[in-house]
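All remarks here apply to the structure that follows.
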């Protein structure tokens with residue numbers, strides 16, 4: 001079986017690897033280098049503990065307060081686009097307790113085997129830098145600490161131990177770089193983190209070693225359909241270098257997936273949730289483990305010889321322009337939680353477009369009305385976390401016709417109505 005994967009980010013590479021492992025002839029196409037775009041500058045967290053979808057109870061009123069504040073944690077740039085207005089309406093409708101709980105349960109269930117599958121990848125010879133030091137949640141208010149601890153109780157049915165609350169002094173004893181603003185926190189010991197470029201490079205090398213064909217610099221401009229209306233298929237993808245035919249296709253183009261879905265006649269409401277990061281080489285201070293500055297929604301990841309500070313969510317369309325106000329917002333947030341901003345050899349600033357659906361759940365499964373097109377996108381901030389699960393699920397669907405995972409909540413057809 002020949003399979004073309006559209007998108008060479010962490011999700012597309014994961015799908016390609018799992019398909020090749022099952023004997024498929026795999027070609028991965030990407031407009032850039034493999035592992036670029038949103039897969040490059042993120043925090044690299046493997047965090048089933050953060051399985052809750054982005055639309056959550058109370059976010060509607062908070063977002064309205066932030067709407068006209070370009071330096072807020074969530075910024076929505078108004079634009080006269082009916083599809084975006086519809087997306088916002090659907091997003092805000094999901095900001096309620098019932099939908100959040102349903103989304104949380106679906107994501108937590110999908111994440112049950114995340115760590116097992118990552119360990120399997122390592123055992124199979126994929127080389128990447130993964131650290132099992134946990135994730136330290138820190139808070140500047142007691143109210144937020146109590147709220148998040150209560151939410152963590154929902155993870156107990158999925159095998160997570162409820163973390164123990166620690167005082168500000170106890171947290172600073174664990175991480176001396178934290179400021180006196182920190183009133184407390186807790187450690188989720190089972191979470192992990194990695195350098196995302198090491199993961200995409202490891203998957204790329206393994207795919208090439210296994211005989212897969214990788215074509216960077218090959219932008220997909222459309223998909224050509226064939227067959228009757230009751231049994232339509234995708235025959236080929238079109239690129240500037242010609243068509244590429246296959247038996248099955250995987251749409252894993254991240255924030256660009258919606259355009260290609262429209263090309264073959266189905267609605268896939270994926271917006272770009274732009275995130276920003278700083279990567280500081282040879283910093284003068286380095287935490288021993290990843291830190292989540294909870295009220296500011298900023299993450300800090302320590303790597304060998306560098307530290308990455310990432311955060312914010314900006315809904316501004318398909319634009320990778322770096323907004324200095326957003327970077328300033330991250331700096332101010334960090335200054336509350338850290339005793340000082342890390343100084344180093346240099347500082348690389350980055351902006352990447354994370355694919356976000358209006359219900360906050362990824363789209364994983366067969367495309368509606370097309371028998372051989374499969375979708376794997378919309379993972380928002382959990383692309384690294386869900387990469388092995390998504391790759392396994394998509395490969396099972398294509399090669400076996402069914403998956404061991406419950407993919408009903410993630411069915412791309414849910415947007416067709």
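The values are calculated or read from the model by the stated rules, or taken from the named source; none is laboratory data. Note that the structure is predicted; figures quoted are calculated from it, not measured. Neighbour counts run over all protein chains shown; Cβ positions are idealised from the backbone, glycine included.
How about the stretch 340-362: which of its residues are more than 24 Å from residue 251 (Cβ to Cβ) and touching a strand residue (DSSP E or B) at 6+ places or on another chain (Cβ under 7 Å)? First the steps, then the outcome.
Taking the stretch 340-362 as the starting set, the residues that turn out to be more than 24 Å from residue 251 (Cβ to Cβ) are 340-350.
If the condition is that a residue be more than 24 Å from residue 251 (Cβ to Cβ) and touching a strand residue (DSSP E or B) at 6+ places or on another chain (Cβ under 7 Å), then 342, 344, 345, 346, 347, 348, 349, 350 are the ones that fit.
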> What is the number of the single condition among (1) touching a residue at least 12 places away in the same chain (Cβ under 8 Å); (2) surrounded by 17 or more Cβ atoms within 10 Å (Cβ to Cβ) that residue 403 does not meet?
Replying inline: (1)
>> Looking at the structure I just gave you, is residue 254 within 21 Å of residue 40 (Cβ to Cβ) and in contact with a strand residue (DSSP E or B) (Cβ under 9 Å, 6 or more places away or on another chain)?
In response: yes
>> For the stretch 315-332, which positions are farther than 26 Å from residue 267 by Cα, in contact (Cβ under 8 Å) with a residue 60 or more places away in the chain and surrounded by 20 or more Cβ atoms within 10 Å (Cβ to Cβ)?
In response: 326, 329
> Considering only residues of the stretch 248-286 that are surrounded by fewer than 21 Cβ atoms within 10 Å (Cβ to Cβ) and touching a helix residue (DSSP H, G or I) at 6+ places or on another chain (Cβ under 8 Å), which is farthest from residue 373 (Cα to Cα)?
Replying inline: 269
> Take the residues of the stretch 212-237 that are part of a loop (DSSP other than H, G, I, E, B) and touching a strand residue (DSSP E or B) at 6+ places or on another chain (Cβ under 8 Å): which is surrounded by the most Cβ atoms within 10 Å (Cβ to Cβ)?
Replying inline: 212
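So, residue 242, is that one surrounded by fewer than 22 Cβ atoms within 10 Å (Cβ to Cβ), on the phi > 0 side of the Ramachandran plot, without any contact (Cβ under 8 Å) to a residue 60 or more places away in the chain and out of contact with any helix residue (DSSP H, G or I) (no Cβ under 8 Å at 6 or more places or on another chain) or not?
Yes: the conditions hold for residue 242.
Assess whether residue 204 counts as being under 19 Å from residue 385 (Cα atoms), touching a strand residue (DSSP E or B) at 6+ places or on another chain (Cβ under 8 Å), at pLDDT 95 or above and assigned to a helix (DSSP H, G or I).
Numbers: under 19 Å from residue 385 (Cα atoms): yes; touching a strand residue (DSSP E or B) at 6+ places or on another chain (Cβ under 8 Å): yes; at pLDDT 95 or above: yes; assigned to a helix (DSSP H, G or I): yes.
The answer is yes for residue 204.
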>> Can you pull out every residue in the stretch 1-26 that is surrounded by 21 or more Cβ atoms within 10 Å (Cβ to Cβ) and in a strand (DSSP E or B)?
In response: 3, 4, 5, 6, 26
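Kindly establish whether residue 52 is surrounded by fewer than 21 Cβ atoms within 10 Å (Cβ to Cβ), assigned to a loop (DSSP other than H, G, I, E, B) and modelled with pLDDT of 95 or more.
Working: surrounded by fewer than 21 Cβ atoms within 10 Å (Cβ to Cβ): yes; assigned to a loop (DSSP other than H, G, I, E, B): yes; modelled with pLDDT of 95 or more: no.
For residue 52, the condition - surrounded by fewer than 21 Cβ atoms within 10 Å (Cβ to Cβ), assigned to a loop (DSSP other than H, G, I, E, B) and modelled with pLDDT of 95 or more - is not met.
Rundown of residues vs (1) over 21 Å from the mean Cα position of the chain (by Cα); (2) surrounded by fewer than 16 Cβ atoms within 10 Å (Cβ to Cβ); (3) free of Cβ contacts under 8 Å to residues at least 40 places away in the same chain, yes/no style:
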position	(1), (2), (3)
115	no, no, no
146	yes, yes, yes
173	yes, yes, yes
187	yes, no, no
197	no, no, no
202	no, no, no
> If you go through the stretch 357-382, how many residues are in contact with a helix residue (DSSP H, G or I) (Cβ under 8 Å, 6 or more places away or on another chain), part of a helix (DSSP H, G or I) and either surrounded by fewer than 24 Cβ atoms within 10 Å (Cβ to Cβ) or without any contact (Cβ under 8 Å) to a residue 24 or more places away in the chain (or both)?
Replying inline: 1
> How many residues does the stretch 259-302 hold that are in contact (Cβ under 8 Å) with a residue 40 or more places away in the chain and outside any strand (DSSP E or B)?
Replying inline: 23
